[in-house]
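Trainee: Below you'll find the structure I mean.
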Amino acid sequence: MRSGHRQGQLLGHRLGRPFGWLWAAYGTSALGTWLAFGAFPLIAIQVLHAGPAEVAALSSAGTAVGAAMAVPLGPWVEFRRKRPMLIAMDLARFAALLTIPTAFAFGVLTFLQLLLVSVVVAAADITFRAASGAYLKTLLPAEDLLVANARFESTAWTTTVIGPPLGGVAIGLLGPVATVLADAVSYLLSALGIRAMGGHEPRPERREAARMRAGDLLDGWRYILADAALRRLFFNTVLFNGLVMAAQPLLAVLMLGRLGFTPWQYGLAFAAPAIGGLVGSRLARPLVTRLGQHRVLVAAGALRALWPVGLAFLGPGTGGLLLVIGVELGLIFCCGVFNPVSATYRLERTATDRVTRTLSAWAVTTKASTALLTAVWGVLGGLLGPRTAIGLAGVLLLATPLLLPRRAAAPVSSEPDPATTRA
């Protein structure tokens, strides 16, 4: 019996058939997303002949407006069955993306349509992630959440490794519109996978039958800020993600411009280190079992902040390429350990009737702050030079471990709080 149970664990059957379908759906949509990575800017440039300002607006404004649209969706989804919402968000992304190859085929594709589709996809993505976190907490017992989050993390890094190269080949052979079609189909397949999970999901209880009020839109942020452990992790995550992402455009300018790296070298510098994320996510659970959740959270969170400052010393040639690969490998490995532990910690600290609102607020803030910091660092790069701005981001990242939770926190009750359940 013991050997059979262990074999079931190794084969990934222990979390059950419903989780298997959810995991497969996640992997399918993640692969589709990476296949279409960079497709929108390419379509804007190659098909619509858009300029730099329009391409920048497509990347930043679409995400920002999508995040704003997702704000009321979190409280609205909280008191509805999550599986139908997941299917609806997948179908919304499928339908929105499908309009692009359709319009292209009829010769009526416009930049405004690209922008509107990016807004819909961004809003649906935030809502899907928030609802899936809430659904996962009800689908699995608490002791299995880390295993599930580690599997999602390893799948994310696996698709990061294989998706962009395959997408690049597809773009070269068929054009960027074809990869958007593949991305749309991946969301349809994801919806079908979630539909195949079966089972009955009870409707979340709502103590007061009244319309959603304007104040309810801020419930997610209120909950985060009222919990000391969540509050520290929230600010750590927002600042870390924002600073790391803000430096990426400047790094591209430095590598592809002044230092003369070729596009394939630039792609290799960020694709190869993704293997570190796969390894790190596989080690997350053994490390937590051996050292404890809080120690791993703090150690991985601190170690991931040490690497980016090394990019300020980037030089040309093979040495510079190896430096970028080494820095990104260390950074991504630490993130691979940290992310599933952090996601599990966050779910454990959040009451069941607050998960969707909390995760939605978390994602909205992260996306908005990343867009803001990217714009600020673009200005700093113009004033100080890209290398100095990258170094400044790296130095500020060294302070982010100070925001990590100081001590282990006990999980909150999974039962809804009757005093705080909102209409």
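Trainee: Given the conditions (1) in a helix (DSSP H, G or I); (2) modelled with pLDDT of 90 or more, which single one is not true for residue 265?
Mentor: Evaluating residue 265 over (1) in a helix (DSSP H, G or I); (2) modelled with pLDDT of 90 or more leaves (2) as the failure.
Trainee: Does residue 292 satisfy the criteria of being surrounded by fewer than 20 Cβ atoms within 10 Å (Cβ to Cβ) and at positive phi?
Mentor: yes
Trainee: Further question on the same structure: Can you confirm whether residue 305 is closer than 19 Å to residue 247 by Cα, among the aliphatic types (A, V, I, L, M), crowded, with 21+ Cβ neighbours inside 10 Å and at pLDDT 95 or above?
Mentor: Considered against the rule, which asks whether it is closer than 19 Å to residue 247 by Cα, among the aliphatic types (A, V, I, L, M), crowded, with 21+ Cβ neighbours inside 10 Å and at pLDDT 95 or above, residue 305 comes out as yes.
Trainee: Might you let me know whether the range 44-52 holds any residue that is under 24 Å from the mean Cα position of the chain (by Cα), at pLDDT below 80 and in a helix (DSSP H, G or I)?
Mentor: No, the conditions are met nowhere in the range 44-52.
Trainee: Moving to a separate point now. Considering the range 364-392 alone, what residues qualify as being more than 24 Å from residue 328 (Cβ to Cβ) and either open to solvent by less than 40 Å² (accessible area, probe 1.4 Å) or touching a His at 6+ places or on another chain (Cβ under 9 Å) (or both)?
Mentor: Result: 364, 365.
Trainee: Among (1) modelled with pLDDT of 90 or more; (2) of a type in the set (Gly, Ala, Ser); (3) open to solvent by 30 Å² or more (accessible area, probe 1.4 Å), which single condition is residue 410 missing?
Mentor: The one condition residue 410 does not meet is (1).
Trainee: When residue 286 is evaluated against the numbered criteria (1) without any contact (Cβ under 8 Å) to a residue 60 or more places away in the chain; (2) in contact with a Cys (Cβ under 9 Å, 6 or more places away or on another chain), which criterion, by number, is the only one it fails?
Mentor: Evaluating residue 286 over (1) without any contact (Cβ under 8 Å) to a residue 60 or more places away in the chain; (2) in contact with a Cys (Cβ under 9 Å, 6 or more places away or on another chain) leaves (2) as the failure.
Trainee: Something else: When you look at residue 144, is it under 29 Å from residue 79 (Cβ atoms), open to solvent by 20 Å² or more (accessible area, probe 1.4 Å), of a type outside the set (Gly, Ala, Ser) and assigned to a helix (DSSP H, G or I), yes or no?
Mentor: No, not satisfied.
Trainee: Right, next: Name the one entry in 189, 239, 251, 233 that is modelled with pLDDT of 80 or more, part of a helix (DSSP H, G or I), of a type outside the set (Phe, Trp, Tyr) and farther than 30 Å from residue 399 by Cα.
Mentor: 189
Trainee: Within the range 234-261, take every residue that is of a type in the set (Gly, Ala, Ser) and surrounded by fewer than 21 Cβ atoms within 10 Å (Cβ to Cβ) and give me the one that is farthest from residue 357 (Cα to Cα).
Mentor: 260
Trainee: For residue 172, state whether it is small (Gly, Ala, Ser) and in contact (Cβ under 8 Å) with a residue 60 or more places away in the chain.
Mentor: Answer is no for this residue.
The values are calculated or read from the model by the stated rules, or taken from the named source; none is laboratory data. For clarity, every value in this text was computed on a predicted model and none was experimentally measured. Note that each Cβ is placed from the backbone with ideal geometry, even for glycine, and that neighbours are counted across all protein chains shown. Areas reflect the complete protein model, heavy atoms only, side chains present, ligands, DNA and RNA absent. Shrake-Rupley method; radii C 1.70, N 1.55, O 1.52, S 1.80 Å.
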